Amino acid sequence: MSYSPPTVFADGTILTGAALEGNNEALRVYLHRGIATGDLAATKWIDSRHVQPPEFEPYSGVQHGVSGHQGGQWAGGTNVRMTFATKYLSGQGRPSSGAVHGIPNTGFTLQIRRAAKILYHYWWDLENGPDESTASYQVARDERLVWIMPYFGSIQNAVQGYSSRAQETRNHSLFMSGTYPIGLSQTLVGAGGYGSKQGTLALDYAGSGTATFGLAAHSATDRCGIVEWGVSIEAFYL
Amino acid sequence: MSRLTNKPVLDGDPINAASLNTRFADFNQTTLNEFNVRDAAIDLPQFTTSKFMAPQMAVAQIGHQDWKHAAYNTVVGQTTPSVPHIIRDSGGTPTPLATGGGAGWTISPDQVLRVYWDLSVRPRWAPGNPWRGTDIEWTFPHPAGAGVATCSNGTVCWAFWLQVDVTDASLSNWVDVAGQDSFGTVVTGGRGGNLLANCQATSIVPALNQVASTPNNGKFDGPQTEADIGWTSVDGAWHWIPGAPTTIYGLRLVCTGPLAAYHAASNWLIRVDPALAADAELDYNGGSLQALVMRLQ
């Protein structure tokens with residue numbers, strides 16, 4: 001037991017206000033950042049969702065409790081929210097460009113109350129292209145990729161800090177080449193432009209304050225439909 | 001704040017030692033339980049700042065860091081018995097995730113290790129349909145030609161999985177993680193492979209993408225076309241609860257290929273196909289490998 005009252009009362013001794021208040025003060029100290037792991041009942045009874053009736057933040061889909069933040073958003077449900085990436089916001093397909101743009105709906109801004117260990121999970125299904133445009137300043141058609149990467153803090157950190165986590169999908173091909181489509185009875189063929197990816201950004205967050213997480217894209221194709229997607233946060237204070 | 005089982009001192013209560021001491025003895029392991037804490041709630045300022053729900057975390061960049069692929073590493077197709085390729089940086093140095101410095105992380109049975117990784121990859125394939133005559137050749141009706149059309153069955157792949165060092169911080173004693181083998185178990189004809197049951201930390205990426213240009217009601221009326229896989233990414237997650245306290249010093253990502261599906265003795269396997277090895281290569285760039293230790297109870 002971590003809490004030890006400074007005074008253990010004994011019959012026949014004078015009860016002083018100082019002794020009584022001393023015990024109360026020690027209890028206040030214990031109850032302010034004093035409860036340690038070994039003080040809790042040893043049998044399994046506690047999960048993160050049980051610790052404190054949480055505050056639910058409906059816009060971000062995150063709940064905040066004593067153990068941290070949990071929750072997220074996704075594209076599903078009755079109202080599908082497809083999002084997108086496009087070269088028109090990230091360098092027009094120029095090979096020298098490293099520009100990124102934020103992917104709508106995938107960001108969080110959280111109030112982190114204490115140093116935390118954070119996992120930002122993300123996944124998506126996308127259709128990239130087909131981009132058959134012929135402007136000569138672009139990368140070659142079959143080399144047109146869309147990269148999606150997480151970021152923490154400023155969106156520019158996506159490239160500066162987290163480009164190692166970029167996951168890419170190639171442009172569709174075979175859609176518009178010279179001999180296709182062959183006829184109305186034939187199936188149109190596409191290859192390579194489908195991407196189903198997932199990832200996790202782990203962060204040991206040292207301080208407290210406002211923390212922003214999100215997904216950013218660098219695209220070399222004109223349009224990339226991110227048909228299904230999800231983002232979620234686990235932030236552990238304890 | 002929590003409800004405790006003793007009432008506060010009220011008017012008319014005796015002021016004696018037992019009555020006073022009892023009120024300060026409530027804050028013990030027995031009474032810090034579901035009734036007093038979970039149901040009544042305890043707030044963040046009451047907990048110590050030392051971590052006990054998520055006590056450990058580590059993050060590493062892995063592979064050859066160049067997200068636009070100006071330069072990359074290349075793995076040539078491997079033959080049996082498989083010796084996996086260790087994911088390396090641009091200078092050829094392996095890029096493991098070291099855990100806890102020299103002390104490692106000691107994970108107890110009431111904790112779970114959660115690992116997440118990703119890597120940018122590009123499988124490549126020699127032209128000219130080299131898969132013909134190998135495990136992955138299939139035939140389809142082809143009425144416009146000689147009666148059948150040959151095509152890849154599309155099961156050829158590269159496999160990625162995790163290895164762990166539970167010996168010391170030198171990170172020189174790597175073993176496959178629990179539930180995973182290195183595709184080196186001889187399946188048939190000296191060829192290595194894994195039962196699917198031994199692929200519990202495996203992620204795969206296709207090595208070949210072949211499409212029919214004009215599929216028509218189950219028949220291949222036209223030619224088949226190999227479409228490059230192109231740059232893509234592969235990712236994985238692995239969770240582990242040890243049966244006894246275990247110290248881990250590092251994790252790393254390895255890969256092998258090309259592999260193909262195989263069925264024998266009522267078992268499904270992923271098996272090395274040496275006939276394909278000379279025709280397949282895998283390029284890769286960077287990724288990340290991260291781990292979190294989390295308390296279960």
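Rule-based calculations on the coordinates, nothing more; no lab input. What you see is a predicted model, and the numbers here were worked out from it, not measured in a lab. Note: ideal-geometry Cβ built from the backbone for every residue, glycine included; neighbour counts use all protein chains shown.
If the label point is 7 Å along Cα→Cβ of A:SER133, which residues in the stretch A:202-238 have backbone nitrogen under 16 Å from it?
Counting only backbone N, you get A:218-225.
Could you give the dipole magnitude of the protein assembly as shown about its Cα centre, charging the beta-carbon of Lys and Arg +1 and that of Asp and Glu -1, in debye to the nearest 20? Can you show the working numbers first?
On the way: 32 positive and 42 negative charges, 70 e Å.
Roughly 340 debye for the protein assembly as shown.
If you take the Cα Rg of the stretch B:49-295 and divide it by 2.2 N^0.38 Å, with N the number of residues, what do you get?
Here the Cα radius of gyration is 1.14 times the empirical estimate.
Divide by every residue of chain A the summed helix terms, -39500 (n - 2.57) for each DSSP H run of at least 4, and state the resulting mean residue ellipticity at 222 nm, rounded to the nearest 500 deg cm²/dmol.
The per-residue figure over chain A is -2500 deg cm²/dmol.
How much net charge surrounds A:GLY209 when only the other residues with a Cβ under 15 Å from the Cβ of A:GLY209 are counted, with Lys and Arg +1 and Asp and Glu -1?
Result for the neighbourhood of A:GLY209: +1.
When the expected Rg is taken as 2.2 N^0.38 Å, what fraction or multiple of it is the alpha-carbon Rg of the protein assembly as shown?
Expressed relative to 2.2 N^0.38 Å, the Cα Rg reads 1.21.
So, R0 is 22 Å and r is the distance between the beta-carbons of B:VAL166 and B:SER50; what FRET efficiency does that work out to, to 0.05?
Taking R0 as 22 Å, the efficiency between B:VAL166 and B:SER50 is 0.30.
Which whole number gives the average count of other chain Cβ atoms within 10 Å of the Cβ atoms across peptide A:119-128?
Average neighbour count from other chains, rounded to a whole number: 1.
Rounded to the nearest whole Å³, what is the per residue volume of the convex hull around the Cα atoms of chain A?
Once divided by residue count, the hull of chain A is 167 Å³.
Once each part is reduced to its C-alpha centroid, what is the distance from the stretch B:181-196 to the stretch A:115-175 in angstrom?
So the separation of the two Cα centres works out to 36 Å.
Just add up the charged neighbours of B:PRO127: K/R +1, D/E -1, any other residue whose Cβ is under 12 Å from the Cβ of B:PRO127.
Residues near B:PRO127 contribute -2 overall.
Rg to Rh ratio, the stretch A:1-45, alpha-carbon atoms and Kirkwood radius?
Across the stretch A:1-45, the Cα-based Rg/Rh ratio is 1.12.
Residues of A:26-36, mean number of Cβ from any other protein chain within 10 Å of their own Cβ, rounded to a whole number?
Rounded to a whole number, the mean comes out at 4.
Tell me the net charge near A:PHE108. Cut-off is 13 Å between Cβ atoms, A:PHE108 excluded, with +1 for each Lys or Arg and -1 for each Asp or Glu.
Neighbour charge sum, excluding A:PHE108 itself: -2.
In nm, to one decimal, how far is the modelled label at B:TRP268 from the one at B:THR134, with both set 7 Å along Cα→Cβ?
With each label point 7 Å from Cα toward Cβ, the separation is 2.1 nm.
At a Förster distance of 56 Å, what's the computed FRET efficiency of B:LEU195 paired with A:VAL80, Cβ-Cβ distance as r, to 0.05?
0.90
Shielding by partners for B:284-296, please: the mean number of other protein chain Cβ atoms within 10 Å of each residue's Cβ.
4
Given just the C-alpha atoms of the stretch B:41-138, how large is their convex hull per residue in cubic angstrom?
Each residue corresponds to 268 Å³ of Cα convex hull volume.
I want to check the label-to-label distance for B:GLU226 and A:VAL29. Put each point 7 Å from Cα in the C-beta direction and report it in nm to one decimal.
In this crude label model, B:GLU226 to A:VAL29 measures out at 7.5 nm.
Summing -39500 (n - 2.57) over the DSSP H runs of n ≥ 4 in chain B and dividing by its residue number, what mean residue ellipticity at 222 nm do you reach, to the nearest 500 deg cm²/dmol?
-1000 deg cm²/dmol
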